[in-house]
Amino acid sequence: MTPIEEHRKQIQEKLSGKIDDVQIIADSRLEIKTSSDNLFEVMTFVAQDLEFPSLEAISGVDWETHFDVVYHIDRWDGDSTVIQVRVKLDDRDKSQVPSITSIWASANWHERELYDMFGIHVSGHPNLKRLLLPEDWDDYEHKHISELYPMRRAYTLPEKPFSYKPQPNKEV
Amino acid sequence: MSEQMYIHMGPQHPVNHGLWTLKVKTEGEQVVGSEILIGYIFRMIEKMAESRPYDTFQPLADRLCYVSAMSWEGTYIMAIEKLLGMEVSKRAQYMRVIMLEFQRIASHFTWLSAYAGDLGVLTMLVIPYREREYVLDLLEHVTGSRMMYNYFRVGGLKHEFPQGFVNDARKLTYYLDERIKEYSAMLEDSKVFMLRSVEVGVLSKENALNLGATGPVLRASGVQGDIRKIEPYLVYPELDFEVPVRTGGDCLARFQIRMEEIRQSTHIIRQALDNLPPEGEINQKAPRRLPQGEVYFRTEDPRGEAGYYIIGNDDKIPYRVKIKSPAYSNLCLTSHLITGGKVADIPPIIASADLCMGEIDR
């Protein structure tokens, strides 16, 4: 049994009920589908029992009807398996995932970026504020709500370059 | 207890090597807290990738990092090929390896110059640039551009190597090998250099993994983490090379890893030049549309693990492109490294992480 099949077997045995699906989607790519309620428990299992020590990336995907949050977790030490955890968030207005910074410290910036770009709230994050956009971005004059979160699909690139000006009478 | 003071370093500070702000909270000479602010050159490159046909994004991928453009366009192209299920010819693969390894050398030279300069060894601020220029000359001869190459294509490469390239390249690798010896001697015999490198910014193995370090920073902390070995791409399995690993975890270990990597790169290039197949299609036709599906593809960038997470939706425009930058995680962890140290240790620690703001802000 290859390492990736072993991981899958362990996940199937130990996490049944917590996950929706687990399958090998490509060479050394294992996908787990779960809900945001069970995410923290699944991640704890992946980090501690399966010994995946390093989080690579957190990506948001806007499917217009719902959001996906995709986590890529790495093993190193000769095992090329990357676990891809996918969380589906149905409620667009109140989308929320739990913070996993207590498991992987590197999640800190990735989660801030997720909030910054998609407006997905990360509950329990130690310092959830804008990362790449200015901290007072919400106070700027916006034509449309989608401009608050530029990686959403509703936000399209403008025809010509534009500049935002802070509102008058506001201390910046 | 002495008074606490806040120091702002940046966005324009000589040790930052790019636009970002480091807020340091100090107690006398001791750093007790720090915060990093980024986003000064945020260009929404991911959104640009999601708004245009997949093959027209590649020149923008070059702009992710101005010192290793080749590796970023290469990673993007290889990720797209993986999604399309394309296989390029052996000759194109060998040519890609040669270009990527020359890029790694040029990138490490830039780093070395910045690092030695920050440490006060100002002679070494200019010397690596001289050698880097030879490498860039060679890359310019092939691609027509010094820094933004736009040379990779989905299905191969833009065009063949120019005449006489193989000889020039081989000569250059021997020349570089000689030079590296000189660098190591100049730096490791320098008292200033050693005082400011040894046991400065020590990163343990557990912390390195937990904080998401990749590349030379991770290998300096004792983890055998090189994508070229763990999950090989191109023809790396056919080439003989070693992955240097150190257990010190300090700035000196990161320096030694990069020096050794330059030696390994010249070794790889010579083998690739020897084995370069004389024949082979180097620019195949590629389909217009990306199929339904997704791919997470990663390569070993000079800075660490570069990754693209691409979702195709049966369209010529990719539905989602996420860029995983190694320098992003490495910058995040410098905040952890400088806390608890001395103010004077900040420049070596920042420089040893090898930052590139282009790929951090994206």
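The values are calculated or read from the model by the stated rules, or taken from the named source; none is laboratory data. Since the model is a prediction, treat every value here as computed from it, not as a measurement. Neighbour counts run over all protein chains shown; Cβ positions are idealised from the backbone, glycine included.
Tell me yes or no: at least one residue of segment A:131-148 is within 14 Å of another protein chain (Cβ to nearest Cβ), at pLDDT below 75, over 30 Å from A:V42 (Cβ atoms) and part of a helix (DSSP H, G or I).
yes
Only one of these is closer than 29 Å to B:I350 by Cβ, crowded, with 21+ Cβ neighbours inside 10 Å, more than 19 Å from the chain's Cα centre (by Cα) and of a type outside the set (S, T, Y): B:G201, B:G225. Name it.
That would be B:G201, the only listed residue that is closer than 29 Å to B:I350 by Cβ, crowded, with 21+ Cβ neighbours inside 10 Å, more than 19 Å from the chain's Cα centre (by Cα) and of a type outside the set (S, T, Y).
Can you name the number of the only condition in (1) surrounded by 13 or more Cβ atoms within 10 Å (Cβ to Cβ); (2) farther than 29 Å from B:T110 by Cα that B:L22 fails?
Single failed check for B:L22: (2).
Answer yes if at least one residue in segment B:65-73 is touching a strand residue (DSSP E or B) at 6+ places or on another chain (Cβ under 6 Å), modelled with pLDDT of 90 or more and crowded, with 19+ Cβ neighbours inside 10 Å, and no otherwise.
Yes, some residue in segment B:65-73 is touching a strand residue (DSSP E or B) at 6+ places or on another chain (Cβ under 6 Å), modelled with pLDDT of 90 or more and crowded, with 19+ Cβ neighbours inside 10 Å.
Provide a single number: the residues in segment B:272-324 that are on the phi > 0 side of the Ramachandran plot, in contact with a Pro (Cβ under 9 Å, 6 or more places away or on another chain) and surrounded by fewer than 23 Cβ atoms within 10 Å (Cβ to Cβ).
1
For segment B:151-184, give me each residue that is crowded, with 17+ Cβ neighbours inside 10 Å and either within 16 Å of B:D62 (Cα to Cα) or β-branched (V, I, T) (or both).
B:Y151, B:F152, B:R153, B:V154, B:L157, B:T173, B:I180
Can A:S28 be described as over 14 Å from the mean Cα position of the chain (by Cα), within 29 Å of B:I360 (Cβ to Cβ) and either more than 8 Å from every other protein chain (Cβ to nearest Cβ) or touching a residue at least 24 places away in the same chain (Cβ under 8 Å) (or both)?
Here the answer is yes, as A:S28 does meet what is asked.
Inspect all residues belonging to segment B:95-112 and state whether any of them is in a helix (DSSP H, G or I), farther than 19 Å from B:K285 by Cα, without any contact (Cβ under 8 Å) to a residue 24 or more places away in the chain and hydroxyl-bearing (S, T, Y).
The answer is no; no qualifying residue exists.
Just checking, how many residues over segment A:50-67 are under 19 Å from A:T101 (Cα atoms), more than 7 Å from chain B (Cβ to nearest Cβ) and not aromatic (F, W, Y)?
4
Looking at the structure I just gave you, is A:E64 surrounded by fewer than 16 Cβ atoms within 10 Å (Cβ to Cβ) and in contact (Cβ under 8 Å) with a residue 60 or more places away in the chain?
yes
Scan B:I269, B:I282, B:I338, B:I317 and give me the residue that is in contact with a Leu (Cβ under 6 Å, 6 or more places away or on another chain) and either closer than 30 Å to B:K90 by Cβ or of a type outside the set (G, A, S) (or both).
After ruling out the rest, the residue left standing is B:I282.
I'd like the residue in segment B:282-302 that is within 14 Å of another protein chain (Cβ to nearest Cβ) and either among the acidic types (D, E) or touching a Ser or Thr at 6+ places or on another chain (Cβ under 6 Å) (or both) and, out of all such residues, is farthest from B:F102 (Cα to Cα).
Selected residue: B:E294.
Provide a single number: the residues in segment B:308-325 that are within 11 Å of chain A (Cβ to nearest Cβ) and either in a strand (DSSP E or B) or closer than 17 Å to B:L19 by Cα (or both).
Total meeting the criteria: 10.
Can you tell me which residue is farthest from A:P150 (Cα to Cα) among those in segment B:16-54 that are among the hydrophobic types (A, V, I, L, M, F, W, C) and free of Cβ contacts under 8 Å to residues at least 40 places away in the same chain?
So, considering only residues that are among the hydrophobic types (A, V, I, L, M, F, W, C) and free of Cβ contacts under 8 Å to residues at least 40 places away in the same chain, the one farthest from A:P150 (Cα to Cα) is B:L37.
Go through the residues of segment B:25-36 one by one and say whether even a single one is in contact with a helix residue (DSSP H, G or I) (Cβ under 9 Å, 6 or more places away or on another chain), farther than 18 Å from A:S59 by Cα and assigned to a helix (DSSP H, G or I).
no
Kindly indicate which of A:L55, A:L89 is among the aliphatic types (A, V, I, L, M) and either touching a Pro at 6+ places or on another chain (Cβ under 6 Å) or farther than 17 Å from A:Y115 by Cα (or both).
A:L55
How many residues are buried (at least 23 other Cβ atoms within 10 Å of the Cβ) and within 14 Å of chain A (Cβ to nearest Cβ) when one looks only at segment B:334-354?
Summing the residues that are buried (at least 23 other Cβ atoms within 10 Å of the Cβ) and within 14 Å of chain A (Cβ to nearest Cβ) in segment B:334-354 gives 3.
Given the conditions (1) out of contact with any His (no Cβ under 7 Å at 6 or more places or on another chain); (2) hydrophobic (A, V, I, L, M, F, W, C); (3) within 9 Å of another protein chain (Cβ to nearest Cβ), and given that A:V82 satisfies all but one, which numbered condition is not satisfied?
(1)
Checking B:T214 against (1) among the β-branched types (V, I, T); (2) within 14 Å of another protein chain (Cβ to nearest Cβ); (3) within 21 Å of B:R270 (Cα to Cα): exactly one of these is not met. Which one?
(3)
Test A:I83 against the criterion of being assigned to a loop (DSSP other than H, G, I, E, B), crowded, with 23+ Cβ neighbours inside 10 Å and hydrophobic (A, V, I, L, M, F, W, C), and give yes or no.
No, not satisfied.
Kindly indicate the residue of segment A:36-49 that is surrounded by 15 or more Cβ atoms within 10 Å (Cβ to Cβ) and more than 14 Å from every other protein chain (Cβ to nearest Cβ) and also nearest to A:L89 (Cα to Cα) among those meeting that condition.
For segment A:36-49, the residue satisfying everything is A:S36.
Return yes or no: is B:A92 modelled with pLDDT of 90 or more, crowded, with 17+ Cβ neighbours inside 10 Å, closer than 30 Å to B:R270 by Cβ and within 14 Å of chain A (Cβ to nearest Cβ)?
Against the criterion (modelled with pLDDT of 90 or more, crowded, with 17+ Cβ neighbours inside 10 Å, closer than 30 Å to B:R270 by Cβ and within 14 Å of chain A (Cβ to nearest Cβ)), B:A92 does not qualify.
So is B:E305 part of a strand (DSSP E or B) and either more than 10 Å from chain A (Cβ to nearest Cβ) or touching a Cys at 6+ places or on another chain (Cβ under 6 Å) (or both) or not?
Spelling it out, it is not the case that B:E305 is part of a strand (DSSP E or B) and either more than 10 Å from chain A (Cβ to nearest Cβ) or touching a Cys at 6+ places or on another chain (Cβ under 6 Å) (or both).
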